[in-house]
Each structure stands twice: as structure tokens, then as C-alpha cells.
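The values are calculated or read from the model by the stated rules, or taken from the named source; none is laboratory data. What you see is a predicted model, and the numbers here were worked out from it, not measured in a lab. Reconstructed Cβ throughout: ideal geometry from the backbone, glycine too, with neighbour counts over all protein chains shown. Ligands, DNA and RNA are excluded from the accessible area calculation, which covers all protein heavy atoms including side chains. Shrake-Rupley method; radii C 1.70, N 1.55, O 1.52, S 1.80 Å.
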Amino acid sequence: RCQRRGQSDAAIEHAPRANRNHGALGRLFLGVVRNVEPALRAVTHVAQEQVIQPSVNTLQGIKILVVDDEMVLRQIMTEFLEELGCTVMSAGDGFAAVELYKNHGSSIDLVISDLGMPTMNGDEMFEELKKINPEAKVIISSGYLDSTLRSQMLSRGIAEIINKPYKFEEISHVVETI
């Protein structure tokens, strides 16, 4: 998909990977901006639309374990949830998450995990957490998930599935409702 706005060009390509455990692939191409001021106004306008005003203290005190092998995504999710008033722990893979849950599970209210991770994916991690605590609440995030697998995961007890790229409004709504 390619868009032309004013005096700049931008193109975004997105393609799900063939293997569902490896997320999605995307590219962003930015053209040369000939007149900087209109481009800055457009970016500022979009950024202002993305500002989320969570319910006052709705998420205050909720302890969440964020699991993602991509450090940048893990940090973004952690910072966003902390801004909403959550206490956040994080792990870079399923094994580390299971160990944290073994040690702190009684205080963890919710786990948000990427599906496609090396060594132990989010689905396998979910099964291990259920052995520790059958009532564990787990949200899975994925860049690509077909409807059959989605239905199977939800029927096995996954609390919710959110799509990547993340939409902060969706995340705050899902966390509030679980």
C-alpha cells in the first residue's frame, strides 16, 4: 500500500510469515520530505490522536507479567502498562516467564505474552503456567494467527488474543475487562 500526502511519499508493506510462530514481517519506506512543516503537523496530529486516557485508577495495583523475546516490544508494553498504574515484571522468553511465575505467581494478576518465541512459545508457556495455577489469566499476542488456532486457544483457557502491531487502546480495554 502506498500513500502520497502533500509533498512526501510513504509506503508500508506488511506480510504475515508462513510460520505462525514467527510473527509478521513489515517494512516502512519514507520518502524525501520537501516541505518539513506540513509533515511535522501531520505527525503531531496523529500522535495526539493516539493519546489514551485510561480510567482513573482502574488498573492501579494490577501486577502483570509481560513476556516477549523482542526487547523493544517488551519495553514499550512495560512502559505503557506502568503509565496505566500497573506493576510490571518482564521476561524475554517462555522459560524465564515460567520461573518468574513459579516464584511470584501468587501476586501476578495477568500474563501478556507473545505467541512466537524461540525455545518455548507462548502457547507452551501457557500450558506450563496452567500446571502451576489452573486459574492463571493469560493474554496472547501475535502478528498472525488463523481463526482455527485462535478458537482452539480461547477454548483451552487463553483469556484473550490481541493482534500485533499493538493498539494501546485495545490493550488497556482488554486488561480492564479481564
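The table that follows gives values for the structure above.
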item: GluC sites (Glu not before Pro) restricted to segment 67-167 and DSSP loop, no more than 10 other C-beta within 10 Å; result: GLU135
item: Under-5 Å amide H pairs with VAL66, H placed in peptide plane, nonlocal only; result: MET89, SER90, ALA91, ILE112
item: When the convex hull of its Cα atoms is projected in every direction, mean area for segment 65-109 (nm²); result: 2.9
item: Percent of Cα-Cα distances greater than 19 Å, calculated over segment 76-168; result: 38
item: Summed residue charge, Cβ within 10 Å of ASP114's Cβ, Lys/Arg positive, Asp/Glu negative; result: -2
item: Pairwise centroid distance, computed over Cα atoms, of segment 85-142 with segment 60-76, Å; result: 10
item: Accessible area in the full protein assembly, largest first, 1.4 Å probe, for THR58, THR148; result: THR148, THR58
